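A.B. asks: Quick one: structure below, then a few questions.
The values are calculated or read from the model by the stated rules, or taken from the named source; none is laboratory data. Worth saying up front: this structure is predicted, and the values here are computed from it rather than measured. With ideal geometry, Cβ positions are generated from the backbone for all residues, glycine too; neighbour counts draw on all protein chains shown. In case anyone asks, the SASA skips ligands and DNA or RNA and just uses the protein heavy atoms, side chains included. Shrake-Rupley method; radii C 1.70, N 1.55, O 1.52, S 1.80 Å.
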There are 2 protein chains.
Amino acid sequence: MGTIRDIAKKAGVSISTVSLVLNNKGYVKPETRQKIINAIQELNYKPSRSARKLATRTNGNIGFIIWESHFYEVEMFYSQVFLGMEYAARRSDSYILLTTVKEEFDPKTDLPRFLKYNDVDGVALAGRVPHELALYLENERIPFVLVDYNIPGKKYNSVQIDNYNGANSAVQHLIESGRRRIGFVGGTFFHSSIKERYRGFKECIEHYQIMDADQIARYTFVEDTETSPAIGEKGISSLLKNDQKPDAVFCCNDTTAMGVIKELHKRQIKIPDDIAVVGFDDIPNAAYSAPRLTTVKVPKLVLGKEAFNLLNEVIENPLEPPQTRIIATTLVKRESTGVEE
Amino acid sequence: MGTIRDIAKKAGVSISTVSLVLNNKGYVKPETRQKIINAIQELNYKPSRSARKLATRTNGNIGFIIWESHFYEVEMFYSQVFLGMEYAARRSDSYILLTTVKEEFDPKTDLPRFLKYNDVDGVALAGRVPHELALYLENERIPFVLVDYNIPGKKYNSVQIDNYNGANSAVQHLIESGRRRIGFVGGTFFHSSIKERYRGFKECIEHYQIMDADQIARYTFVEDTETSPAIGEKGISSLLKNDQKPDAVFCCNDTTAMGVIKELHKRQIKIPDDIAVVGFDDIPNAAYSAPRLTTVKVPKLVLGKEAFNLLNEVIENPLEPPQTRIIATTLVKRESTGVEE
DNA sequence: GTTTTATATTAAAACGTTTCGATAATTAAT
DNA sequence: ATTAATTATCGAAACGTTTTAATATAAAAC
C-alpha cells in the first residue's frame, strides 16, 4: 500500500524506471526489472488508479446505458449482454458503469451522471434507447456503439444480431416439421430487430411458398408497443380467429412466446400437437417453460464482448464509415415444436 | 472542458477559492461565488474526477458482487437490488461496479479486479457469496455489507429481508382462506433467508395448530441445493405422495413456485381450487405466470438503497458492533390463492 | 579506435484537484 | 479606538502517476 516512490527506493532505481516496468514500455535491464518486480510484490504495491488516469488523461470507464424498462422488467436479455461486456472488461483495465434511462428522455435533465461529469471514455447503448441520447453523444463526440439496435436514418457503429437469418432458420424448422399455416406475433417495428425478424419470417415463407401474401397478412399480428407476454396473449387470440387455426406461431421473442403459451394453455390447445411455438432470444426461462420453448438462441455474452471490442476500437480512433458487426444465432429445438434434440 | 485554473482566471480569483465553491466549504463572499458559478457555466467546466479522487485519496467507487449463477440464471432479484443501489448512488458521486464471482472461489486467483487493484471504497455482497470472500474483506479491512444473506457464526453488517414475518403472513393468508394441509418446498438452508422463511412457515402453523409436528414434517420438502424450478417440480411431486394431498404449498421463493406450478399443471391439478400456491420475492414473472402467483413482495429497490446507505456509513466509520437492518415485506394476493385483491 | 546505434536510466515537468496555513478584510466586542 | 472574532482569499504543497528529453552505458559498425 505504498507509492511508486517506495518501490523505487526499495529497488534502488528511479520512479521512471518503475513506471516503465509497470507499463512494460521502453528498455529496462532484466535484472533491474526483476528487482523492481520483487519490490512490488514484497510491498504488495498497487498503483493508484486516480493518479494513473490523471496522468494519462483517460477515465478507464465505459458506460452501459439501457432503458429502464428493459432492465427493470422481465427481460434478462440485456443483463447478459452487460455480463459479456464485463467479462471482456476484466482483461483490460476498464470498468463498466451500468445505468438506466427513462423512456421519456431529455438530455437537459436526464443525462446519466457519468456523461454529465465526463467520467467515461465511451458508451454502449443497449437495445432501444432514446434517439436524443444518441444524438447527444454524436454532438459531444463521445464514442459510442449501439448494441442490438439501430436508429433509422442514421449510420452508427453497432453490434447486431443476425435477426434475419435467425428468423429464417426458425421458420424453416417449422416448415420442415410439416407446419403450413405459420403465424407471426410481434411488437413494435420500431425495434429494427423485430422488423428484421419479421422479414426473415416472411421471406422464408415466400421462399417455400406455403402461404400467399394474403394469408401471411391474416396470420400476422403486430402491436405497436414494447414486447411483453400480454402481446403474446393478445396476438395468439387474434390469430385464432382465422377460419383455419394456425398450426405454428413464430414469436418475435421469448417474452412474447411466454404469453402465447399461457394463452394456448388457457384455451386447452396442445403445444406442439395443435400449434407449435417458436421464440427468439433464448432467455433463461425458455428452458423452463411448459413446454420448453424452441427458440433462436442469441449469444448474449458474445454480443457484449463484441460491443466492448468495437467500442474500444472506436475510442482509439473513430471509425469512418461506422461499422456494423453481425453476430450469428443458433436454433435450439425443444418441446414446443416437438422435435427436441 | 477547461481546468479549475481557467475558471479561476475567468472569475478573477485563486483556484483555492474555486475549489471552495465547488465543494461548498469554507467562507466565500456571495458575489464572488456567483462570479465563479458563472464562469463554470460559461466554460461548461467539469472537474476531473481522477484529480479529485487523487487529492482526496478516495476511489468514489463501490463494488457490487454477486454469485455468477444468481446473476446469470433465472433470478431477476439481485439485478433489482443492484438497481436500487444505483439509484441511491446517483445522489452521491459514487459509481457502482457490478461484477460476479464463481461458486468455487479462491481469493488467491478469483478476486474481482476492483479488489485486487484497490479500486473501491467498499463492497456490497449480494445474496449468497463465498465465505472466503467475506473473510478476505474482513482481513483486509475493506468495508463491506451483506445483502439478503448472512454468514453463520459471523456478525457482519448486513441488510436483511424480514423473512420470518413475510413467511408468517403468507401462511396466515393460506390458513385464513381455509387451507389446512400446507406444504413447504424449499432449497438449501444454507441460505439463511430460506431457513427463516421455513421458521416463519412452521411457527405460523404451530400457532394456529392446524398441523402437528409429524404432519409438518411429512409436508415439508427441502432439497439441499440452490433453488430452481426443478426443486419445485420435485418438491410438489414428493408432497403429493402423502395419503392426503396438501391443499396449499408455501414455496421458499417464486422460482421454486414456478416449478411447482408447472408440475401441478402437468398433473392437471387445479390451482388454486385443489392446491393453493404461494411464493416469495415477487419476481416480475410472478405477475405473468398462469395462474398469477400470490407471493410475498420483497422491496428490492429499497433493499439496494438501504445497503448503499449502510455501506456508506460503514465506510465513514466502522460500526461496532455490526448492524443488521431489516426490510419489511408485503403480501401480494393473486390468482394462485384465489383471493386476488 | 572512433563513430553510430541500441539499450538503460533518470530528472523534471505535467496531469488537475484539495487542503493547510498564512494573511487580509470585515464585523463584533470591549 | 483597540482588541478579538469572524469572514474571505490565496499561495503552496501534496496526492501518485506518466512522459519527455537528456544523459550514460553497452554493443555494433566502420
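A.B. asks: Return the average number of partner chain Cβ atoms within 10 angstrom of each residue Cβ along peptide B:77-90. Let's see the in-between values first.
C.D. replies: Details: counts 0, 1, 8, 2, 0, 3, 6, 0, 0, 5, 2, 0, 3, 3.
Mean shielding count: 2.
A.B. asks: Which value, in Å² and to the nearest 10, is the accessible area of residue A:306 when all protein chains are kept and the probe is 1.4 Å?
C.D. replies: Taking all protein chains as shown, residue A:306 has close to 50 Å².
A.B. asks: Need one number: convex hull volume per residue for segment A:1-135, Cα atoms only, in Å³.
C.D. replies: Considering the Cα atoms of segment A:1-135, their hull volume per residue is 135 Å³.
A.B. asks: Turning to a different aspect of this structure: Using a 7 Å offset from the Cα along the Cα-to-Cβ direction at both residue B:313 and residue B:287, what is the distance between the two label points in nm, to one decimal?
C.D. replies: Taking the simple label geometry, residue B:313 and residue B:287 are separated by 3.1 nm.
A.B. asks: Follow-up. Roughly how much of residue B:68 is accessible, in Å² to the nearest 10, using a 1.4 Å probe?
C.D. replies: 30
A.B. asks: Compute the accessible area of each residue in segment B:257-299 twice, once for its chain alone and once with every protein chain present, using a 1.4 Å probe on heavy atoms, and list those whose area falls by at least 20 Å².
C.D. replies: B:262, B:265, B:284, B:285, B:288, B:290
A.B. asks: Another question about this same structure. Between residue A:58 and residue B:325, take the C-beta separation as r, use R0 = 30 Å, and let me know the FRET efficiency to the nearest 0.05.
C.D. replies: With R0 = 30 Å, the Cβ-Cβ based efficiency is 0.20.
A.B. asks: Can you report the principal axis dimensions of the protein assembly as shown using only the alpha carbons, biggest first, rounded to whole angstrom?
C.D. replies: Computed over the Cα atoms, the extents are 78, 66, 60 Å.
A.B. asks: Can you give the translational diffusion coefficient of segment A:81-180 in µm²/s, computed by Stokes-Einstein from the Kirkwood radius over Cα pairs at 10 °C and 1.306 mPa s?
C.D. replies: 100
A.B. asks: Taking every DSSP beta bridge with both residues inside the protein assembly as shown, roughly what % is antiparallel (nearest 5)?
C.D. replies: That works out to approximately 10 percent antiparallel.
A.B. asks: Continuing with the same structure: Pick out, from A:259, A:99, A:76, the residue whose Cα sits farthest towards the positive end of the charge dipole of chain A, with +1 on the Cβ of Lys and Arg and -1 on the Cβ of Asp and Glu.
C.D. replies: A:99
A.B. asks: Counting only C-alpha contacts under 8 Å and six or more residues apart, can you give the relative contact order of chain B as a whole percent?
C.D. replies: Relative contact order here is 18 percent.
A.B. asks: While we're here: Let me test this: with uniform point scatterers at the alpha carbons of chain A, what is the Debye-based log₁₀ I(q)/I(0) at q = 0.10 1/Å?
C.D. replies: -0.67
A.B. asks: Using the 7 Å Cα-to-Cβ label point, sort the distances from residue B:23 to its equivalents in the other copies shortest first and give them in nm to one decimal.
C.D. replies: 2.8
A.B. asks: Interface B/A, total buried accessible area with a 1.4 Å probe, nearest 100 Å²? Please report the intermediate quantities before stating the final value.
C.D. replies: Working: alone 17140 and 17140 Å², together 30110 Å².
By this definition, chains B and A bury close to 4200 Å².
A.B. asks: Please check chain B for the longest run free of trypsin sites (Lys or Arg not before Pro) that are loop-located per DSSP (anything but H, G, I, E, B) and have at most 13 other Cβ atoms within 10 Å.
C.D. replies: It runs B:156-240.
A.B. asks: For the residue pair residue A:240 and residue A:42, what label-to-label distance in nm results when each label sits 7 Å from Cα along the Cα-to-beta-carbon direction?
C.D. replies: Result: 7.8 nm between the two label points.
A.B. asks: Hey, can you rank A:244-254, B:183-193, B:11-21 by average C-beta count inside 10 Å, highest first?
C.D. replies: On the way: A:244-254: 25.4, B:183-193: 22.3, B:11-21: 17.8.
Order by mean packing, descending: A:244-254, B:183-193, B:11-21.
A.B. asks: With an 8 Å Cα cut-off and a minimum separation of 6 or more residues, compute the relative contact order for segment B:4-47 in percent. Before the final figure, lay out the partial values.
C.D. replies: Values: 32 pairs, mean separation 18.8, N = 44.
Averaging sequence separation for qualifying contacts and normalising by length gives 43 percent for segment B:4-47.
A.B. asks: Might you report the magnitude of the Cβ-based charge dipole of the protein assembly as shown about its Cα centre, with Lys and Arg at +1 and Asp and Glu at -1, to the nearest 20 debye?
C.D. replies: 2340
A.B. asks: Under a 1.4 Å probe, what is the accessible area of the protein assembly as shown per residue, stated in Å²? Display every interim value, and only then the final one.
C.D. replies: Working: 30110 Å² over 682 residues.
Ligands and nucleic acids excluded, the figure is 44 Å² per residue.
A.B. asks: Moving on to the next point. How tilted is helix B:300-316 with respect to the longest principal axis of chain B? Cα atoms for both, answer in degrees (0 to 90, nearest 10).
C.D. replies: 50
A.B. asks: Among the lysines, which have Cα under 23 Å from the Cα of residue A:29 when same-chain residues fewer than 8 positions away are ignored?
C.D. replies: The reachable lysines, counting only those whose Cα sits under 23 Å from residue A:29, are A:9, A:10, A:46.
A.B. asks: Taking 0.36 nm per intervening residue step and subtracting the Cα-Cα distance, what contour gain separates residue A:266 from residue A:51 on full extension?
C.D. replies: Using 0.36 nm per residue and subtracting the Cα-Cα distance, I get 71.2 nm.
A.B. asks: Determine the principal axes of the Cα atoms in segment B:153-264, then give the extent along each, sorted from largest to smallest and rounded to whole angstroms.
C.D. replies: The principal-axis extents, from largest down, are 45, 31, 22 Å.
A.B. asks: Put B:316, B:196, A:42 in order of accessible area, largest first, 1.4 Å probe: what do you get?
C.D. replies: Descending order: B:316, A:42, B:196.
A.B. asks: Continuing with the same structure: To test your reading of the geometry: what angle, between 0 and 90 degrees and rounded to tens, separates the Cα axis of helix A:77-90 from the longest principal axis of chain A?
C.D. replies: Here the helix axis deviates by roughly 20 degrees.
A.B. asks: As an exercise, use a Förster radius of 25 Å and the Cβ-Cβ distance of residue A:213 and residue A:177 to find the FRET efficiency, rounded to the nearest 0.05.
C.D. replies: E(calc), rounded to 0.05, equals 0.60.
A.B. asks: Can I ask one more? Could you compute Rg(Cα) / (2.2 N^0.38 Å) for segment A:8-49, with N its residue count? Show your work: numbers first, answer last.
C.D. replies: Values: Rg = 9.4 Å, N = 42, 2.2 N^0.38 = 9.1 Å.
Here the Cα radius of gyration is 1.03 times the empirical estimate.
A.B. asks: Counting partner chain Cβ atoms within 10 Å of every residue's Cβ in A:244-254, what's the average? Walk me through the numbers before you get to the answer.
C.D. replies: Values: counts 0, 0, 0, 0, 0, 0, 0, 0, 0, 0, 0.
Per residue, the average neighbour count from other chains is 0.
A.B. asks: Same structure again: Can you give me the distance in nm between label points at residue B:224 and residue A:5, each placed 7 Å from the Cα along the Cα-to-Cβ direction?
C.D. replies: Rounded to a tenth, the inter-label distance reads 5.6 nm.
A.B. asks: With a cut-off of at most 13 other beta carbons within 10 Å, and DSSP calling the residue loop, which chymotrypsin sites (Phe, Trp or Tyr not before Pro) in segment B:23-84 qualify? Please list them.
C.D. replies: Here the chymotrypsin sites (Phe, Trp or Tyr not before Pro) that fit, given the DSSP loop and packing criteria, are B:27.
A.B. asks: When you look at the Cβ of every residue in B:98-107, what mean number of other chain Cβ atoms sits within 10 Å?
C.D. replies: Across the residues of B:98-107, the mean count of other-chain Cβ atoms within 10 Å is 2.
A.B. asks: On a 0 to 90 degree scale, rounded to 10, what angle separates helix B:163-176 from the longest Cα axis of chain B?
C.D. replies: Its long axis makes an angle of about 40 degrees.
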